[in-house]
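We did not get these values from a lab; they are worked out from the coordinates using the rules stated. Note that this is a predicted model, so its numbers are computed, not measured. Neighbour counts run over all protein chains shown; Cβ positions are idealised from the backbone, glycine included.
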Amino acid sequence: MEARAVHRYIGSSPRKMRLVIDLIRGVSVSKALEILHFSPKHASKDAEKVLRSAISNLMNKEESKVEPEELFVKEAFVNQGPTLKRISPAPMGRAYRIRKRSCHLTIIVAKKA
C-alpha cells in the first residue's frame with residue numbers, strides 16, 4: 001500500500017529542492033524525517049511538511065494501522081513550476097530579467113514488503 005502527497009507552487013527553485021530530495025529518496029521514513037529536520041537548507045522545511053502529509057495520508061487510508069517504522073520513501077521527485085519574470089534596472093538604460101522560479105514536489109511513501 002502506498003500514499004502520495006503533492007505540494008505545488010513552492011517558492012524555491014527546482015535545483016535547490018532537488019539537493020534536499022536526493023538525500024531522502026529510498027530511505028526509511030524515520031531516517032528521512034531526521035535528515036530533513038536537521039538539514040540547514042531552507043527547502044528542507046517544505047520537504048518535511050510534504051513527507052509528514054504523505055505519512056498521514058497513508059495512515060488515514062489504511063484500515064489496519066501501520067507503524068511509521070514500516071514505511072519508506074518509495075518515490076520523491078521535483079518538477080518545475082511556473083516562472084515569474086521580473087525586470088531589474090541596469091546601467092545605461094538597459095534592463096536585466098530576473099526569473100523567480102517555483103517547483104512542484106511529490107513524495108510517495110509505501111510499506112516495506
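Quick notes
- Nearest-ten-degree value, helix 43-61 long axis tilted from longest Cα axis of the chain: 30
- Dipole check for the range 2-111: with +1 at the C-beta of Lys and Arg, -1 at the C-beta of Asp and Glu, and the Cα centre as origin, the magnitude is about 1100 Debye.
- ³J(HN,Hα) computed for each position of the range 5-12 - Karplus, 6.51 cos²θ - 1.76 cosθ + 1.60, integer Hz, glycine/proline x: 9, 10, 10, 9, 6, 6, x, 10
- Ranked by how many other beta carbons lie within 10 Å on average, peptides 46-57, 71-82 from highest: 46-57, 71-82
- For the chain, the longest principal axis of the C-alpha atoms and the axis of helix 14-24 are separated by about 20°.
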